[in-house]
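Values quoted throughout were computed directly from the atomic coordinates according to the rules given, and no laboratory measurement underlies them. All of these numbers come straight from a predicted model, not from anything done at the bench. We place every Cβ from the backbone using ideal geometry, glycine too, and count neighbours over all the protein chains shown.
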């Protein structure tokens, strides 16, 4: 199954997020056709295999989301430290100033 090369998924809606999802769906379809040579509609795998495949994909998604959450939490923690340091500098109470004053 071919996709019209002049088709631009960015022109379907006014929502760039929706257009991005549409583009990714089409790109994934093309990738699947190159790899498997048949459409989803033509694929006659047993239902249990579709369920197993979905479970595996969702488990991967949980891992990805957990990793992203840990990155965000570290960023959030680091951001709080930077904010505190900036506040300290603005107030003229940085630890370096205190050390130099005490010397």
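Under a plain spin-label model, where a point goes 7 Å from the Cα along Cα-to-Cβ, how far apart in nm are residue 43 and residue 82?
4.2 nm
With axes computed from alpha carbons, what is the tilt in degrees of helix 47-90 against the longest principal axis of the chain, rounded to the nearest 10 within 0 to 90?
That helix lies at roughly 20 degrees to the long axis.
Take peptides 26-32, 64-70 and line them up by average Cβ neighbours within 10 Å, highest first, as a rough protection proxy.
Working: 26-32: 12.4, 64-70: 10.0.
Peptide ranking by packing, descending: 26-32, 64-70.
What's the extension gain from residue 29 to residue 50 if we count 0.36 nm per residue and subtract their Cα-Cα distance?
Computed gain between residue 29 and residue 50 is 5.9 nm.
How high is the FRET efficiency from residue 60 to residue 18, r the C-beta distance, R0 22 Å, rounded to 0.05?
Numbers: r = 24 Å, r/R0 = 1.08.
Efficiency, rounded to the nearest 0.05: 0.40.
Can you tell me the order of 77-85, 16-24 when each peptide is scored by its average per-residue count of other Cβ atoms within 10 angstrom, highest first?
With the highest mean Cβ count within 10 Å placed first, the list reads 16-24, 77-85.
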